[in-house]
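**Student:** Quick one: the structure is below, and I'll ask about it shortly.
Rule-based calculations on the coordinates, nothing more; no lab input. Here the structure is a predicted model, which is why all the values come from computation and not from measurement.
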């Protein structure tokens, strides 16, 4: 499976969950490492774009293409299994607990979870502490200029 991650160039490599652990996110608490990726490039862009305005738009982003081998265990979560308020902003603590439990149980290397930003698309969350994580590789890094028309 190929997944995609949009990142500031200086933080693109090495692939780790340290940035997410510093601030926490919808699917992880502060201190819990998790790598946020998307099933396609446009979702990766949308997941980042919701945090910017035209005035705050950085110009140093790169798109990472990441290869997950077919034998890497992935847990799929259906929307019906999520807390009723999972999609709210700001995100509820219940979604962080779900992601934290995924990381702590360490049964799966990745978690396929519905996107809040783009209904019908999925984020793939990667546990960098799972035994299969070393088999995951970044296969391409490309400069990613945002189209400024998105931020009018």
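**Student:** What translational diffusion coefficient, to the nearest whole µm²/s, does segment 108-152 have by Stokes-Einstein, given a Kirkwood radius computed over alpha-carbon pairs, a temperature of 25 °C and 0.890 mPa s viscosity?
**Tutor:** Details: Rh = 13.5 Å.
It comes out at roughly 182 µm²/s.
**Student:** Identify which of 131, 41, 26 has the largest mean-square fluctuation in a Gaussian network model of the chain, with springs joining Cα atoms closer than 10 Å.
**Tutor:** 131
**Student:** OK, next. With springs connecting C-alpha atoms under 10 Å apart, model the chain as a Gaussian network and identify which of 87, 51, 130 has the largest mean-square fluctuation.
**Tutor:** 51
**Student:** For the chain, report the translational diffusion coefficient in µm²/s to the nearest whole number, using Stokes-Einstein at 25 °C, 0.890 mPa s, and a Kirkwood Rh over Cα pairs. Display every interim value, and only then the final one.
**Tutor:** On the way: Rh = 15.8 Å.
Approximately 156 µm²/s, per Stokes-Einstein.
**Student:** Could you work out which residue, out of 67, 140, 75, moves most in a Gaussian network model of the chain, that is, has the largest mean-square fluctuation with Cα springs under 10 Å?
**Tutor:** Between 67, 140, 75, it is 140 that shows the largest mean-square fluctuation.
**Student:** Let me ask another. Below 8 Å between Cα atoms, with a sequence gap of 6+, how large is the relative contact order for the chain in percent? Don't jump to the answer; show the numbers that get you there.
**Tutor:** Working: 278 pairs, mean separation 49.7, N = 152.
The value is 33 percent.
**Student:** Rg(Cα) of segment 1-80 divided by 2.2 N^0.38 Å? The partial results should precede the final answer.
**Tutor:** Values: Rg = 13.5 Å, N = 80, 2.2 N^0.38 = 11.6 Å.
Against the compact-globule rule of thumb, the ratio is 1.16.
**Student:** Based solely on its DSSP helices, what 222 nm [θ] is calculated for the chain when runs of n ≥ 4 H residues each add -39,500 (n - 2.57) and the sum is averaged over all residues, nearest 500 deg cm²/dmol? Please list the in-between numbers first.
**Tutor:** Numbers: 3 runs with 28 residues, N = 152.
After summing the helix terms and dividing by residue count, I get -5500 deg cm²/dmol.
**Student:** Sequence gap at least 6, Cα distance under 8 Å: using those rules, report the relative contact order of segment 74-130 to the nearest whole percent. Display every interim value, and only then the final one.
**Tutor:** Working: 64 pairs, mean separation 20.6, N = 57.
It rounds to 36 percent for segment 74-130.
**Student:** Could I ask something else about it? Give me the percent of DSSP beta bridges within the chain that run antiparallel, rounded to the nearest 5. Provide the component values of the computation, followed by the final result.
**Tutor:** Working: 24 of 27 bridges.
If we restrict to bridges inside the chain, about 90 percent are antiparallel.
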